[in-house]
Every structure is written in structure tokens, then in C-alpha cells.
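**Q** The structure follows.
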Amino acid sequence: MSKSLQAIRGMNDVLPDDMALWRSFSAIVEAWLERWGYRAIRMPLVENTALFRRAIGEATDIVEKEMYSWRDELNAEELTLRPEGTASCVRAAIEHSLVYDGPKRLWYGGPMYRHERPQKGRYREFYQYGAEAFGFPGPDVDAELIVMCARLWPELGLKGIRLELNNIGSAEERARHRADLVKHLEAHEGKLDADAKRRMHANPLRVLDSKNPLVQEVAAQAPLLAGYLGEASLAHFEGVKKLLAASGVEFTINPRLVRGLDYYNLTVFEWVTDALGAQGTVCGGGRYDGLFEQLGGKAVPGVGFAMGCERLVALMKENPDRIPAARPDAYVLHQGEGTLEVAFTIADALRRAGHAVVMHAGGGSFKSQMKKADASGAWLALIVGEDELRAGDVSVKALRGGGDQQRIGRVRVAGEFAAILEKAKA
Ligand code: ATP
Ligand code: MG
């Protein structure tokens, strides 16, 4: 026997029981995005590697070590499986002049790829929903995107997801802060580990994120960006906070919140839960006013977020009564000479009338067919036996809840089925 093959590490199969939950999650999220005025867009899973290098930044974790990149010899192209959606979405907006006639609100969903160490809540293929608003310079749309999320969590039945917020200012303000930060890190170089030393010049803000206690000590004494923010940046952030307060959305300011992608400015935020251990961030986002120009477009401001679906679905799973049961309306079984054709056409007629019907396949005793009907979760069993065949009837048996078995004329089944089903569900 040949050795069986397995899925790639960190890339998950989602089996039918879990897919029911995933699909209800997706239905809620997609309806919510549309309700807030965001319109769907779809981008390819594969882009030019240069797009992500330019957008996300050379010295980020993602570009340094997490991208699935390869050279396509057939076309002599450097390609990458997308590690996130914002870069592609901005690329598409520039390529198709999406904002020529005014600002746009967009959403997308789908798999992202990062070569990380797989663990609970951290995978190599994972799904995100993202929302991006292009062409809105004011703080109102930052607040809109944040309040939007605040309204989603209860729709998903989730509690205890808190908001962390920071103002990371403009590129110029960050540059001045960064120069002083590097000076501070250089002055304490003796306490830094290899990772911090390597990052100190390329991406000193990430040094502040270090989990190493010695490095944290140095980070705690480092100059804070807040001290470098000018009037315009402060006013923008005040505008965001005002609308959050007006909406009753609580937040904590986390002055150390820096996102793992270089393109952000002004508002950055994360939604965090304690219920998932180390992988507690379920959604992250912020403003990226320089990204369009960085990718060769006109200056168009942008702001958006991306949420991690695996983490949110895992939270929903802790609340089992929210998990929808995928029940067919009826399971159709048959036994005896000539009954298959009748059962088969009844199932067909019911489906054409809009009902969810599973047809028993493969024969078997009446008892074993009833067992399968029950295991299918169906509300009703429709039975065509030799008796029913002779009388021109179908037997209807309620599999869940109450109701006796009844016989009705075959020709009346399609017409009366909805009423029978409603009674079985009551
Ligand atoms: P983290 O700090 O957890 O690594 P990140 O800052 O790299 O997250 P983003 O790039 O902002 O994450 O992506 C947005 C969201 O996507 C995250 O908040 C998280 O919920 C989810 N996410 C990111 N990477 C993964 C992954 N490898 N597996 C599962 N979900 C992920
Ligand atoms: Mg990450």
C-alpha cells in the first residue's frame, strides 16, 4: 500500500460539522458589511512579490520571513501568495481607477498565507474578512470602522472583546521619534538581545514589542511617540475618540500599540480577547494615508481593518447553543418493488418547491433506513413502502418533536408539505 498523503502543516481542512458554523459566521459578517455600505471586491491569491515588499515593508516579520514566494520560471515573474489583503485591494483600486469618481467602501474575504510556526489560532493558511475605505481623510470613517466592529461582536454572540487604540501620527512625526528611539536603544545596546539589535535600525518600533524582560526594561524607558505628535495628528485622534464616546464604544489607549505592517499612520487599533490565550487579537486595523502613493497611485487616504476568522469562529464555538444545526426538512425512504421511482420523484418535487430533502440511497432494511433518516437530523421522514405504493399514499413521520405518523395522498404531498413541516418544528 502506498503511504497516504496529508494536508500541509498549518493548513486546515474544515469538516462539515464545522462548516455549518463557518457558513453562519460568514453569512452574519457579509450581511453586516453590506449593511454598513461596504461593497464586495475579490482580488487574486497570487500577486507580484514587489507589491507586498513595497506595501508591508522590508523590515516587517511578514516580508522578512513569512511570505510564500517563488519564481515562476514560465513567465520569469517573482510571485507571492498573499499574506494580507490591503496591499492587493489598494493595487486593484489604483489599477481600475476605483476612486476616480469619489471615495469607496470595500470589503473582501478569503484565505491569506504566512509561513509562521503553526499553533492554536496561528496557521499558515488562514481566513480574513477585511474592510477598506478609500478617499476619506477625516476621523469619522476611522470611527465608523471601529464602531462597526463593536456592533458585530454581539451579532456573533461574542462578549469580552476589548478595543485598544493608539495614535501613531504622521510619517514625519514618526521619523523624529524614531531617530530619538534609535539613540535610546543604542545607549542601552548591552541589554538588547540579538533580535532587538538586528531590528534596532531597520524597525526600532518593533523592539518595543519584545517579550524579552531585559529588552522590555529598555523599552519601558524609551521616548514615547505621543510626545512627538503635532496639532493635526492630535486633532484627528480627538475626532475619532469623540465619535467612539458618542457611540458608547469603550477603549483603552495603548501607547505601545504598533502594528506589524509599515503602512499605518494616525489611528491604529486592535480588538483583543483573553479567551484565546496568546493569539488574542481577533481584528486589527488603522489608517494608511501614504499607501496609494507608495504603490504608484495618486494620494488617496485609506483606512481599514482585517479580522481573523479562525479566531472568531473558535470563540463562537465556545457558545454551542449558537451553532446552527444543519437539518434537512425531510429524509425520503422507500422499500419494495416499484417504490424507488415514486420516492425519487416525490423528493424531486419537494426540492423544486424549495425544501431541503435527502433521498435515501443504497437500499437496506426499513429499520436501517429509519436509522439513517434519524441520523441525518431531518425533521420528517417520508416513507414509500409497498402499502403506500398500492394506496397512492406517502407516510409522514415526525422525527423530532411530536406528531403521529400520518398518511397522505401522494399527489397532495408537495402542496401540504410546508404546513406539515411547520407543525413538526413547532
Ligand atoms: P498577530 O499579532 O496575531 O500575529 P498580525 O498583527 O500579524 O496578528 P494582521 O496582519 O493585522 O495580524 O491580521 C489581522 C488579523 O488576522 C489578526 O488580528 C488575526 O486575528 C488574524 N491573523 C493574522 N495572522 C494569522 C495567522 N497566522 N493565523 C490565523 N489568524 C491570523
Ligand atoms: Mg503576525
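**Q** Please enumerate the residues belonging to the stretch 119-129 that are near ligand 1 (Cβ under 8 Å from one of its atoms) and open to solvent by less than 40 Å² (accessible area, probe 1.4 Å).
**A** Those that are near ligand 1 (Cβ under 8 Å from one of its atoms) and open to solvent by less than 40 Å² (accessible area, probe 1.4 Å): GLY121, ARG124, PHE126, GLN128.
**Q** Among the residues of the stretch 106-130, write down those that are within 14 Å of ligand 2 (Cβ to nearest atom) and either among the β-branched types (Val, Ile, Thr) or over 17 Å from ALA314 (Cα atoms) (or both).
**A** Passing the criteria: MET112, TYR113, ARG114, HIS115, GLU116, ARG117.
**Q** I would also like to ask the following. For a quick check of your reading of the model, give me the residue pairs whose first member lies in the stretch 65-90 and is more than 25 Å from LYS104 (Cβ to Cβ), whose second is among the basic types (Lys, Arg) and open to solvent by 10 Å² or more (accessible area, probe 1.4 Å), with beta-carbon atoms closer than 7 Å and at least 6 apart or on different chains.
**A** Between residues of the stretch 65-90 that are more than 25 Å from LYS104 (Cβ to Cβ) and residues that are among the basic types (Lys, Arg) and open to solvent by 10 Å² or more (accessible area, probe 1.4 Å), the close pairs are GLU66/ARG114; GLU78/ARG71.
**Q** Hey, another quick one. Just the residues that are near ligand 1 (Cβ under 10 Å from one of its atoms), surrounded by 23 or more Cβ atoms within 10 Å (Cβ to Cβ) and either part of a loop (DSSP other than H, G, I, E, B) or aromatic (Phe, Trp, Tyr) (or both), please, taken from the stretch 265-286.
**A** The answer is TRP271, and nothing else.
**Q** I would also like to ask the following. Given the structure, is ALA150 assigned by TED's automatic domain parsing to the domain that holds TYR288 and in a helix (DSSP H, G or I)? Step through it out loud before you land on a result.
**A** Values: assigned by TED's automatic domain parsing to the domain that holds TYR288: yes; in a helix (DSSP H, G or I): yes.
So ALA150 fits the description; yes.
**Q** Inside the stretch 228-277, can you point out the residues that are under 25 Å from the mean Cα position of the chain (by Cα), modelled with pLDDT of 90 or more and acidic (Asp, Glu)?
**A** GLU250, GLU270, ASP274, listed by residue number.
**Q** Give me the pairs: first residue in the stretch 187-208 and more than 20 Å from LEU257 (Cβ to Cβ), second residue part of a helix (DSSP H, G or I) and open to solvent by 50 Å² or more (accessible area, probe 1.4 Å), beta-carbon distance under 6 Å, and six or more apart or on different chains, which are they?
**A** Within 6 Å, the pairs are LYS191/LEU214.
**Q** Out of all the residues in the stretch 217-232, is one or more under 23 Å from GLU270 (Cβ atoms), touching a residue at least 60 places away in the same chain (Cβ under 8 Å) and in contact with an Asp or Glu (Cβ under 8 Å, 6 or more places away or on another chain)?
**A** We begin by selecting, within the stretch 217-232, every residue under 23 Å from GLU270 (Cβ atoms); these are 219-220, 222-229.
Among the residues that remain, those that are also touching a residue at least 60 places away in the same chain (Cβ under 8 Å) are: 229.
Okay, now just the ones that are also in contact with an Asp or Glu (Cβ under 8 Å, 6 or more places away or on another chain), so 229.
Taking every residue of the stretch 217-232 in turn, at least one turns out to be under 23 Å from GLU270 (Cβ atoms), touching a residue at least 60 places away in the same chain (Cβ under 8 Å) and in contact with an Asp or Glu (Cβ under 8 Å, 6 or more places away or on another chain).
**Q** Determine whether the stretch 287-303 contains at least one residue that is under 24 Å from GLU250 (Cβ atoms), open to solvent by less than 20 Å² (accessible area, probe 1.4 Å) and within 11 Å of ligand 1 (Cβ to nearest atom). Outline the logic, then answer.
**A** Applying the first criterion (under 24 Å from GLU250 (Cβ atoms)) to the stretch 287-303 yields 287, 303.
If we keep only those that are open to solvent by less than 20 Å² (accessible area, probe 1.4 Å) too, we end up with 287, 303.
Narrowing further to those that are within 11 Å of ligand 1 (Cβ to nearest atom): none.
Scanning the stretch 287-303, I find no residue that is under 24 Å from GLU250 (Cβ atoms), open to solvent by less than 20 Å² (accessible area, probe 1.4 Å) and within 11 Å of ligand 1 (Cβ to nearest atom), so the answer is no.
**Q** If you scan the stretch 331-378, which residues turn out to be open to solvent by less than 80 Å² (accessible area, probe 1.4 Å), in a helix (DSSP H, G or I) and within 17 Å of ALA418 (Cα to Cα)?
**A** Answer for the stretch 331-378, where residues must be open to solvent by less than 80 Å² (accessible area, probe 1.4 Å), in a helix (DSSP H, G or I) and within 17 Å of ALA418 (Cα to Cα): ILE346, ALA347, ASP348, ALA349, LEU350.
Listed here are the residues, each with its yes/no results for (1) within 16 Å of ligand 2 (Cβ to nearest atom); (2) in the same structural domain as ARG122 (by TED's automatic domain parsing); (3) modelled with pLDDT of 95 or more; (4) not polar (S, T, N, Q).
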position: SER24; (1), (2), (3), (4): no, yes, no, no
position: GLY37; (1), (2), (3), (4): no, yes, yes, yes
position: LEU45; (1), (2), (3), (4): no, yes, yes, yes
position: TYR68; (1), (2), (3), (4): yes, yes, yes, yes
position: GLU73; (1), (2), (3), (4): no, yes, yes, yes
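**Q** Restricting attention to the stretch 38-78, which residues are on the phi > 0 side of the Ramachandran plot and in contact with a helix residue (DSSP H, G or I) (Cβ under 9 Å, 6 or more places away or on another chain)?
**A** GLY57
**Q** Name the residue, out of GLY169, GLY85, GLY102, GLY110, that is within 13 Å of ligand 1 (Cβ to nearest atom) and under 23 Å from THR267 (Cβ atoms).
**A** GLY85
**Q** Of all residues in the stretch 352-381, count the ones that are closer than 17 Å to VAL411 by Cβ and of a type in the set (D, E, K, R).
**A** Result for the stretch 352-381: 1.
**Q** Among the numbered conditions (1) surrounded by fewer than 16 Cβ atoms within 10 Å (Cβ to Cβ); (2) more than 16 Å from ligand 1 (Cβ to nearest atom); (3) under 20 Å from the mean Cα position of the chain (by Cα), tell me where VAL46 comes up short.
**A** Evaluating VAL46 over (1) surrounded by fewer than 16 Cβ atoms within 10 Å (Cβ to Cβ); (2) more than 16 Å from ligand 1 (Cβ to nearest atom); (3) under 20 Å from the mean Cα position of the chain (by Cα) leaves (1) as the failure.
**Q** Restricting to the stretch 342-369, give me the number of residues that are touching a residue at least 60 places away in the same chain (Cβ under 8 Å) and either aliphatic (A, V, I, L, M) or not assigned by TED's automatic domain parsing to the domain that holds ILE408 (or both).
**A** Qualifying residue count for the region: 5.
**Q** Can you give me the number of residues within the stretch 314-328 that are in a loop (DSSP other than H, G, I, E, B) and either open to solvent by 20 Å² or more (accessible area, probe 1.4 Å) or of a type in the set (Lys, Arg) (or both)?
**A** Keep residues of the stretch 314-328 that are in a loop (DSSP other than H, G, I, E, B), which gives 318-319, 323-328.
Checking which are either open to solvent by 20 Å² or more (accessible area, probe 1.4 Å) or of a type in the set (Lys, Arg) (or both) leaves us with 318-319, 323-327.
Total meeting the criteria: 7.
**Q** Can you tell me how many residues in the stretch 1-15 are closer than 29 Å to ARG327 by Cβ and either touching a helix residue (DSSP H, G or I) at 6+ places or on another chain (Cβ under 9 Å) or touching a residue at least 24 places away in the same chain (Cβ under 8 Å) (or both)?
**A** Going through the stretch 1-15 one residue at a time, the tally reaches 2.
**Q** State yes or no: is ARG178 open to solvent by 50 Å² or more (accessible area, probe 1.4 Å), away from ligand 2 (no atom under 16 Å from the Cβ) and either in contact (Cβ under 8 Å) with a residue 60 or more places away in the chain or under 15 Å from GLY285 (Cα atoms) (or both)? Quick ask: steps written out before the conclusion?
**A** Numbers: open to solvent by 50 Å² or more (accessible area, probe 1.4 Å): yes; away from ligand 2 (no atom under 16 Å from the Cβ): yes; either in contact (Cβ under 8 Å) with a residue 60 or more places away in the chain or under 15 Å from GLY285 (Cα atoms) (or both): no.
Spelling it out, it is not the case that ARG178 is open to solvent by 50 Å² or more (accessible area, probe 1.4 Å), away from ligand 2 (no atom under 16 Å from the Cβ) and either in contact (Cβ under 8 Å) with a residue 60 or more places away in the chain or under 15 Å from GLY285 (Cα atoms) (or both).
**Q** Just one of the numbered conditions (1) open to solvent by less than 50 Å² (accessible area, probe 1.4 Å); (2) at pLDDT below 95 is not true of MET148; which one?
**A** Answer for MET148: the failing condition is (2).
**Q** Please tell me if ASN75 is open to solvent by 40 Å² or more (accessible area, probe 1.4 Å), within 16 Å of ligand 1 (Cβ to nearest atom) and either of a type in the set (Gly, Ala, Ser) or out of contact with any Leu (no Cβ under 6 Å at 6 or more places or on another chain) (or both). Break it down into steps so the answer makes sense when it comes.
**A** Values: open to solvent by 40 Å² or more (accessible area, probe 1.4 Å): yes; within 16 Å of ligand 1 (Cβ to nearest atom): no; either of a type in the set (Gly, Ala, Ser) or out of contact with any Leu (no Cβ under 6 Å at 6 or more places or on another chain) (or both): yes.
Taking the combined requirement at face value, the residue does not satisfy it.
The values are calculated or read from the model by the stated rules, or taken from the named source; none is laboratory data. All values derive from a computational prediction rather than experimental measurement. As a convention, Cβ positions derive from the backbone with ideal geometry for all residues, glycine included, and neighbour counts pool all protein chains shown. Areas reflect the complete protein model, heavy atoms only, side chains present, ligands, DNA and RNA absent. Shrake-Rupley method; radii C 1.70, N 1.55, O 1.52, S 1.80 Å.
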